[in-house]
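The structure appears below as structure tokens.
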Amino acid sequence: MRGYLVLGLGALVRTGLGQRNDLSYGAYLYAFPLQQLMSVVGVDRLSILLHLVLSLALTLLAAFLSWHLVERPAQQLGKRLISALRMPRPPRGSTA
């Protein structure tokens, strides 16, 4: 029942989150490796709450940097390349 409530709220409630920065792929990509690295270093032996807070902070930082330094520039480059490679259409009414 809670799942339906969360899905319903997600569909109905509009927020401005993710309209300027899309951190979802970076979070997906970096969360697990960063958590594993912190476990190897020994952060999880200190406190599970510290591990949680640090993993969230480091994941969001990595996702933010990934979006601004890799993903968005790659998307913009792709758009420029696609528009440059498009064949110009001949004007209407002309015979080619």
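The values are calculated or read from the model by the stated rules, or taken from the named source; none is laboratory data. Owing to the predicted nature of the structure, the values given are computational and were not obtained by experimental measurement. For neighbour counting, all protein chains shown are included, and Cβ atoms are generated from backbone atoms with ideal geometry for every residue, glycine included. Note: accessible area is taken over every heavy atom of the protein model, side chains too, but ligands, DNA and RNA are not part of it. Shrake-Rupley method; radii C 1.70, N 1.55, O 1.52, S 1.80 Å.
In summary, SER83 fulfils each of the numbered conditions (1) among the polar types (S, T, N, Q); (2) loosely packed, with under 14 Cβ neighbours inside 10 Å; (3) in contact with a Ser or Thr (Cβ under 6 Å, 6 or more places away or on another chain) with the single exception of condition (3).
It is to be established whether one or more residues within the range 51-73 are on the phi > 0 side of the Ramachandran plot and free of Cβ contacts under 8 Å to residues at least 40 places away in the same chain. Steps first, please.
Keep residues of the range 51-73 that are on the phi > 0 side of the Ramachandran plot, which gives none.
Checked the range 51-73: no residue is on the phi > 0 side of the Ramachandran plot and free of Cβ contacts under 8 Å to residues at least 40 places away in the same chain.
Of the residues screened, LEU34 is one that is among the aliphatic types (A, V, I, L, M) and surrounded by 10 or more Cβ atoms within 10 Å (Cβ to Cβ). Considering the range 1-31, and only residues there that are part of a loop (DSSP other than H, G, I, E, B), open to solvent by 100 Å² or more (accessible area, probe 1.4 Å) and not basic (Lys, Arg), the residue that is farthest from ALA74 (Cα to Cα) turns out to be MET1.
If I go through the range 38-53 residue by residue, how many of them are open to solvent by 100 Å² or more (accessible area, probe 1.4 Å) and touching a helix residue (DSSP H, G or I) at 6+ places or on another chain (Cβ under 6 Å)? The qualifying residues number 0.
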